[in-house]
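Trainee: One structure coming up, written as structure tokens, with questions to follow.
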There are 4 protein chains.
Amino acid sequence: MSKLRVAVLGAKGRIGSEAVRAVEAAEDMELVAALGRGDKLETLVDSGTEVVVELTTPASVMGNLDFCVRHGMHAVVGTTGWTDERLAQLNTSLAASPETGVLIAPNFSIGAVLTMKFAQQAARYYESVEVVELHHPNKADAPSGTATRTAQLIAAARAEAGCAPQPDATVTALEGARGADVDGIPVHAIRLRGLLAHQEVLLGGEGETLTIRHDSLHHSSFMPGILLGVRRVVSAPGLTFGLENFLDLG
Amino acid sequence: MSKLRVAVLGAKGRIGSEAVRAVEAAEDMELVAALGRGDKLETLVDSGTEVVVELTTPASVMGNLDFCVRHGMHAVVGTTGWTDERLAQLNTSLAASPETGVLIAPNFSIGAVLTMKFAQQAARYYESVEVVELHHPNKADAPSGTATRTAQLIAAARAEAGCAPQPDATVTALEGARGADVDGIPVHAIRLRGLLAHQEVLLGGEGETLTIRHDSLHHSSFMPGILLGVRRVVSAPGLTFGLENFLDLG
Amino acid sequence: MSKLRVAVLGAKGRIGSEAVRAVEAAEDMELVAALGRGDKLETLVDSGTEVVVELTTPASVMGNLDFCVRHGMHAVVGTTGWTDERLAQLNTSLAASPETGVLIAPNFSIGAVLTMKFAQQAARYYESVEVVELHHPNKADAPSGTATRTAQLIAAARAEAGCAPQPDATVTALEGARGADVDGIPVHAIRLRGLLAHQEVLLGGEGETLTIRHDSLHHSSFMPGILLGVRRVVSAPGLTFGLENFLDLG
Amino acid sequence: MSKLRVAVLGAKGRIGSEAVRAVEAAEDMELVAALGRGDKLETLVDSGTEVVVELTTPASVMGNLDFCVRHGMHAVVGTTGWTDERLAQLNTSLAASPETGVLIAPNFSIGAVLTMKFAQQAARYYESVEVVELHHPNKADAPSGTATRTAQLIAAARAEAGCAPQPDATVTALEGARGADVDGIPVHAIRLRGLLAHQEVLLGGEGETLTIRHDSLHHSSFMPGILLGVRRVVSAPGLTFGLENFLDLG
């Protein structure tokens, strides 16, 4: 079987340089280009790139993707800053190249994506749900974006299923003890030296609890998701938003 | 909305008596009969029973279900001892009463069912998977039936997805240290005073782990699954095997 | 070896009736009296009681203990409502009966006591410490008294050791996300159907974390602490406050 | 306050180079020398070294320590391979330099040391104790040395306290399910991609469990223990074996 010809844009960055190593180590891929700031995109054409891993900046990503799509190269995109306007513009490009696929993923951690998916599925079957996220103490926001998003998805799933509000008989509480309220789901943020990024969804019903926990112990945890995206995007024409669409959860 | 008319067979047993209380407490159900050993099945007809919760013994269950199906009553069955022959016999009864539904569930704990389902779905995305079950020290078998079943389902999912064998560089090991081998999945059984029934599936990949944990802290944990079965079986004609078929995991 | 002759006061209450069973089951003890409201204290004398387990009410406890101490019976006390004035009064009684011992314990759960002790000991060696308590959703206060006390003990140990304030770079936070502040220690309270009483102390330092978790799954968890108190109080004359004083943690 | 003058031997190794960074970052220390293979020990004298951190090899450590002790420099030693004979030889050197202190520690992780200590202290108060260790799948031995040592210490503490054997009603078991037997304590070894080094001690009694968990997420976790050793060894003349002796656990 011939190997997938993969290029990395943003290859000098922290995630980019790990992506370079991950592509090199994948048996079914060949790294054909690794471009940093200032390198010419024409290199992608010369090297016969089939899939581009786009890990640059919001300022560069639109131009890069426009070039890729026009040349029929698929793309897996980790760069952030997507607005409805930008997505519409990308869809216009893709309409002119109907066999090309682009995957944009806000989170390439398979574990984070599975945690959100499972939490959504389980949420309607339990009376109580709370989210705890744990991060290193240098983090500036609390709760994490992933925890907030998880709580929103849980709340939406419960609303759709017609769940009753969560039971909570708290009468006297110290301020903050019961966490932040995200659409009715309590979210607690812990900051601890020694940790990286961790999240726990606790669900409780009559006589039992279900806990889904994701521990991210190293930034390399994004690599399996990026490689999975590369393998799947070649047969997924058009725009796909979110890695969960490439997971087989049947 | 009129309430579902529910009867409990085996109403004096430990699970049966909890089922009686659970049906009584459910706002959308009315308990119309609670039969123990020696009580007449005709009571079910007289009381206008729509759904029977069958929690008796392998010796009684076939006769009870035959009666229910002939009278067009749906059934939710927790009694064990099902063989292919028994299932075939039940299917024959059901063929003559095509609008009647029967749910047989080896495990009514929604958490246990979800844990198995999620473990199966996640298993293909991780290099390593192990199962840990924790129970009270009066348990006679190790590992638990649920843990064995979970490991088998995980192994089957991995085989179907073409996963490589799990990495394990162990060269020198104390006997038993790496657990029992169930179809290639290590399973560890812990026995601890103070516990009831708990199970943890650990999945590990590059830089991250995913843990799905189910804690059963009281036998009442079966009740939400039984009630869910009652509500769903009325619109599921024929035989359904396994509570997972009534969970919306889309 | 002759068995310890033990009586239970408040024997009809929830904890009291469990204490009756626990004393009866203990091989080195003999239950010689089990008194409820209205029963005469003289029964204690007639039955040759050596140790009284006092599980009544704040209204009864002082009279009961006065009687016990005057008759040279040791006491293990779970009744609450102790003030400095009451303790002084009890010390006066004990001064007149110098061989009699009384143990008063706000918490008879050995696990809760060990968790507090270990958390205090470990706290000075870690940059970060947070407390998470998890309880059933019928609980009226948040955080629990045990969690608040644990956080206070941790804060005191850190102050004594001259620890720096905990690192926390949080700039933007949803209200409540970072928990309640108890003397500088963040405390988070989770309320989940299916749980009873649980507490986790998380400590984090460079590249590692230490977690001490106590799960109370049944009210019977107080019994080993009560029995331990009974065995030790007979050789501990005077007033002892707190079960931790009877644990050998050398 | 003047800073402690610290030198690192074995400064080019993986742990050694982290020790160099840790000493440089410590506000109360000054790194005065960082020696690798072939560098002259006289540099230690010239630089006015007060404490040496010895992280070389079993082949070099005796000569290095002999030099240090003769020159009145304290030492903190992470190098392994200690025999009774070697310890005796070191004690002889120290006898001639009665104000010099040497700390030898098989494990500089404060969390690992505290876990062992707490497990020993708690073990006598619970009916059941099991140990679970979790490591990356490249590890050659199972269970880990730390887990084996922890189980031995637990077993010794239980024997000393006269504990009954653990309850275990297992009649039918898959081979390995109940773990390895280390002096009567079941020990389970989990190997999972994504993990580094983790250990959990589970203790169970009537109605409650206590869990002590240590997660080592990065090799830097040894640094706080090394720095603590440096600070304490200057006032601990003679030989100290084990970091636990420098922890205040009163």
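The numbers here are math on the coordinates, done by the rules we state, and not lab data. Since we're looking at a predicted model, the values are computed, not measured. Heads up, the Cβs are rebuilt from the backbone with ideal geometry, glycines too, and the neighbour counts pull from every protein chain shown.
Trainee: Can you list the copy-to-copy distances for B:GLU85, using a point 7 angstrom from Cα toward Cβ, in nanometres, shortest first?
Mentor: 7.2, 7.5, 8.0
Trainee: Using a 7 Å offset from the Cα along the Cα-to-Cβ direction at both A:HIS219 and C:ASN91, what is the distance between the two label points in nm, to one decimal?
Mentor: The answer from the label model is 6.0 nm.
Trainee: How high is the relative contact order of chain D? Use alpha-carbon pairs under 8 Å, at least six apart in sequence, and give a whole percent.
Mentor: Working: 445 pairs, mean separation 56.0, N = 250.
For chain D, the relative contact order is 22 percent.
Trainee: Is it possible to state the helix-based mean residue ellipticity at 222 nm for chain B, with each DSSP H run of 4+ residues giving -39500 (n - 2.57), the sum divided by total residues, to the nearest 500 deg cm²/dmol? What is it?
Mentor: Values: 7 runs with 84 residues, N = 250.
Calculated at 222 nm, the ellipticity per residue is -10500 deg cm²/dmol.
Trainee: Just for the protein assembly as shown, what percent of DSSP beta bridges are antiparallel, to the closest 5?
Mentor: Bridges in the protein assembly as shown that DSSP calls antiparallel: roughly 45 percent.
Trainee: State the residue of chain C whose Cβ is nearest the axis carrying C onto B, and the distance in whole angstrom.
Mentor: Nearest residue, distance rounded to whole Å: C:LEU217, 3.
Trainee: Using 0.36 nm per residue, how much length does the chain from D:ASP183 to D:TRP82 gain when fully extended, once their Cα-Cα distance is taken away? It would help to have the intermediate numbers written out before the result.
Mentor: Values: separation 101, 0.36 × 101 = 36.36 nm, distance 2.38 nm.
So the chain would gain 34.0 nm between D:ASP183 and D:TRP82.
Trainee: Right, here's the next one. Evaluate the charge dipole of the protein assembly as shown about its Cα centre and quote only its size in Debye, nearest 20, assuming +1 on the Cβ of each Lys and Arg and -1 on the Cβ of each Asp and Glu.
Mentor: Numbers: 80 positive and 116 negative charges, 1 e Å.
I would put it at about 0 debye.
Trainee: Where the only charges are on Cβ atoms (+1 Lys, Arg; -1 Asp, Glu), what is the dipole of the stretch C:110-217 about its Cα centre, to the nearest 20 debye?
Mentor: On the way: 9 positive and 13 negative charges, 78 e Å.
Dipole size: approximately 380 debye.
Trainee: Here is a further query. Just for the stretch C:117-220, what percent of DSSP beta bridges are antiparallel, to the closest 5?
Mentor: Details: 20 of 25 bridges.
Looking only at bridges with both residues in the stretch C:117-220, the antiparallel portion is about 80 percent.
Trainee: Would you kindly derive the ³J(HN,Hα) couplings of the stretch D:40-48 from the backbone phi angles with the Karplus curve 6.51 cos²θ - 1.76 cosθ + 1.60 (θ = phi - 60°), listing them in order in whole Hz, with x for Gly and Pro?
Mentor: 7, 5, 4, 3, 4, 5, 4, 8, x
Trainee: How big is the charge dipole of chain A about its Cα centre, in debye rounded to the nearest 20, if each Lys and Arg gets +1 on its Cβ and each Asp and Glu gets -1 on its Cβ?
Mentor: Numbers: 20 positive and 29 negative charges, 112 e Å.
Dipole of chain A, to the nearest 20 debye: 540 debye.
Trainee: Restricting the count to DSSP beta bridges whose residues both fall in chain B, what percent are antiparallel, rounded to a multiple of 5? Can you show the working numbers first?
Mentor: Numbers: 20 of 46 bridges.
Around 45 percent of the beta bridges assigned by DSSP in chain B are antiparallel ones.
Trainee: Related question: At a 10 Å Cβ-Cβ cut-off, how would you order B:SER216, C:SER235, A:SER60, fewest neighbours first? Let's see the in-between values first.
Mentor: Working: B:SER216 22, C:SER235 9, A:SER60 14.
Going from sparsest to densest Cβ surroundings: C:SER235, A:SER60, B:SER216.
Trainee: Once the label point is set 7 Å along the Cα-to-beta-carbon vector, what list of distances in nm do you get between C:ASP181 and its counterparts in the other copies?
Mentor: With the label placed 7 Å along Cα→Cβ, C:ASP181 yields 2.2, 5.5, 5.7 nm.
Trainee: For the charge dipole of the stretch D:110-217, defined by +1 on Lys and Arg C-beta atoms and -1 on Asp and Glu C-beta atoms about the Cα centroid, which residue among D:GLY205, D:PRO167, D:HIS136 has the Cα displaced farthest towards the positive pole?
Mentor: D:HIS136
Trainee: What is the order of B:CYS163, A:CYS68, fewest Cβ neighbours within 10 Å to most?
Mentor: Numbers: B:CYS163 18, A:CYS68 26.
Placing the least packed residue first, the sequence is B:CYS163, A:CYS68.
Trainee: Let me ask something else about it. Quick one: Cα centre-to-centre distance for the stretch A:142-164 and the stretch B:1-36, in angstrom?
Mentor: So the two Cα centres are separated by 33 Å.
Trainee: Sticking with this structure for a sec: Report, for D:PRO167, each distance to the same residue's label point in the other copies, shortest first and in nm; define the point 7 Å along Cα→Cβ.
Mentor: Sorted ascending, the copy-to-copy spacings read 2.8, 4.1, 4.5 nm.
Trainee: Sorting C:LEU196, C:LEU87 on the 10 Å Cβ count, fewest up front, what's the list? Write down the numbers at each step before the final one.
Mentor: Numbers: C:LEU196 17, C:LEU87 13.
Least to most surrounded, the residues fall as C:LEU87, C:LEU196.
Trainee: Among rounded, prolate and oblate, which fits chain B when a ≥ b ≥ c are the square roots of the eigenvalues of its C-alpha gyration tensor, a/c under 1.5 means rounded, and a/b larger than b/c means prolate?
Mentor: On the way: a/c = 2.35, a/b = 2.01, b/c = 1.17.
Here chain B falls in the prolate category.
Trainee: So for the stretch C:18-112, taking the charge dipole from beta-carbon charges (+1 Lys/Arg, -1 Asp/Glu), which of C:TRP82, C:PHE108, C:ALA25 sits furthest toward the positive end?
Mentor: C:TRP82
Trainee: Please label the shape of the stretch D:110-217 as rounded, prolate or oblate, based on the square roots a ≥ b ≥ c of the eigenvalues of the alpha-carbon gyration tensor (a/c under 1.5 means rounded; beyond that, a/b larger than b/c means prolate, else oblate). Kindly include the intermediate steps, with their values, before the conclusion.
Mentor: Numbers: a/c = 1.86, a/b = 1.27, b/c = 1.46.
Judged from the Cα gyration tensor, the stretch D:110-217 comes out oblate (a/c at least 1.5, b/c at or above a/b).
Trainee: How charged is the neighbourhood of D:THR209? Take every other residue with its Cβ under 9 Å from the Cβ of D:THR209, and add Lys/Arg as +1 and Asp/Glu as -1. Each step should come with its number before you reach the end.
Mentor: On the way: positive: B:ARG193, C:ARG213; negative: C:ASP215, D:GLU208.
Result for the local shell: 0.
Trainee: Based on alpha-carbon centroids, what's the gap between the stretch D:184-250 and the stretch C:186-212 in Å, whole number please?
Mentor: Centre-to-centre distance over Cα atoms comes out at 18 Å.
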